[in-house]
Amino acid sequence: MGVTHFDTAELYGPFVNEELLADALGFHRARVEVATKFGYRLEAGKIVGLDSRPQSIRSAVEGSLRRLRRDYDDVLYQHRPDPNVAVEEVVGTMSDLVKEGKVLGLGLSATDTETVQRASAVHRISFVQNEYSLIQREPEKGLLAYLNDQRIEFVCYSPLGRGILGRMTGGETKRSSTDHRAKDPRFESGRLAEINRALDPLWDVAAAHSVAPSAVALAWLLAKSPTIRVIPSATSIEQLKTNLGGVEIVLSSEEMASLDKLDKNLTTSTLQ
């Protein structure tokens with residue numbers, strides 16, 4: 001289908017997602033770009049803390065390369081900031097891995113403008129991965145403009161608002177204890193219905209194009225900047241096809257303006 005960027009991490013599984021990706025890609029793995037992440041301390045399959053110490057970074061990368069069956073990682077992210085290790089030290093270790101040929105590009109996830117600036121003084125940061133969607137507009141407060149200016153690729157995680165922009169209904173708010181959305185305030189009783197009401201312009205644009213709302217939500221993101229990438233997940237092939245359809249949608253300036261205004265509606269809601 002033309003997808004060439006795959007995002008994974010040692011945390012996912014933990015570990016087994018990297019193995020699954022290696023199995024899925026097979027001989028095609030040389031034709032795609034694979035991004036993985038480090039930064040959590042894991043014991044018996046559980047997160048027990050953050051860990052971006054140099055020796056831990058090296059151990060994580062060696063493990064990822066082994067599981068991915070690759071000689072190098074195309075993109076290596078620090079998954080989350082470690083308050084006990086300065087970003088300059090973290091990126092210094094990552095830079096050494098670049099020099100050793102084990103990593104090509106460096107990235108930071110769940111970060112901010114100041115941290116990216118500090119990191120960039122040590123080594124070029126090529127990718128930043130933060131949450132960004134029609135219902136999570138924090139990057140518009142300065143980070144997005146900075147990344148555009150520096151020509152840093154912005155990889156948007158949860159670009160569909162963790163499923164909300166696929167038009168979830170109020171009846172879908174019950175989550176299992178293992179679903180990370182169970183603790184997301186956007187899924188608390190009553191809030192999802194309120195968010196859905198604020199998203200009427202999205203549903204209208206989707207109807208006008210005869211496509212799913214999720215495809216429009218992705219098209220809006222891609223139109224915001226030429227440096228933006230999106231990594232929506234999917235639980236079926238049909239859903240995957242729907243998401244990929246967002247690449248083909250061209251939104252008019254009026255439609256973009258209508259969707260941009262959603263931020264004001266959501267800010268005044270209980271989404272906060």
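The values are calculated or read from the model by the stated rules, or taken from the named source; none is laboratory data. Just so you know, these numbers come straight off a predicted model, no measurement behind them. Here the Cβ is made from the backbone with ideal geometry for all residues, glycine too, and neighbour counts use every protein chain on show. To get the accessible areas, we keep the full protein, side chains included, count just its heavy atoms, and leave off ligands, DNA and RNA. Shrake-Rupley method; radii C 1.70, N 1.55, O 1.52, S 1.80 Å.
The table for this structure:
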quantity: The range 42-119: C-alpha gyration tensor shape, a/c 1.5 cut-off, then a/b vs b/c; calculated: oblate
quantity: Descending Cα extents along the principal axes, the range 5-63, whole Å; calculated: 34, 21, 16
quantity: Global form of the range 176-266, assessed from the alpha-carbon gyration tensor, a/c cut-off 1.5; calculated: oblate
quantity: Accessible area per residue in Å² at 1.4 Å probe, computed on the range 1-132; calculated: 47 Å²
quantity: Nitroxide proxy distance, nm - points 7 Å out along Cα→Cβ at ARG29 and LYS241; calculated: 2.9 nm
quantity: The range 19-38-the range 231-259 distance, computed between alpha-carbon centres (Å); calculated: 24 Å
quantity: Carbon and sulfur %, accessible surface of the range 179-272 computed with the full protein complex present, 1.4 Å; calculated: 53 percent
quantity: Between the range 50-99 and the range 111-159, the alpha-carbon center distance in angstrom; calculated: 19 Å
quantity: Most positive-pole-ward Cα, VAL91, LEU165, HIS79, against dipole of the chain from beta carbon charges; calculated: HIS79
quantity: Average silhouette area of the chain, convex hull of alpha-carbon atoms, in square nanometres; calculated: 14.7 nm²
quantity: Calculated FRET value between GLU254 and LEU20, using beta carbons and R₀ = 51 Å, to 0.05; calculated: 0.75
quantity: Gain on full stretching of the segment that runs from LEU42 to SER210 - 0.36 nm per residue minus C-alpha separation; calculated: 56.0 nm
quantity: Tilt relative to the chain, helix 213-224 - C-alpha long axis, 0 to 90 degrees, to 10; calculated: 60 degrees
quantity: For the chain, calculated [θ]222 nm from helices alone, where every DSSP H run of n ≥ 4 adds -39500 (n - 2.57); calculated: -11500 deg cm²/dmol
quantity: Percent carbon-and-sulfur accessible area, the range 1-137, ignoring ligands, DNA and RNA, probe 1.4 Å; calculated: 51 percent
quantity: Residue of VAL230, VAL98, VAL155 that the Gaussian network model of the chain assigns the largest fluctuation, springs spanning Cα pairs under 10 Å; calculated: VAL98
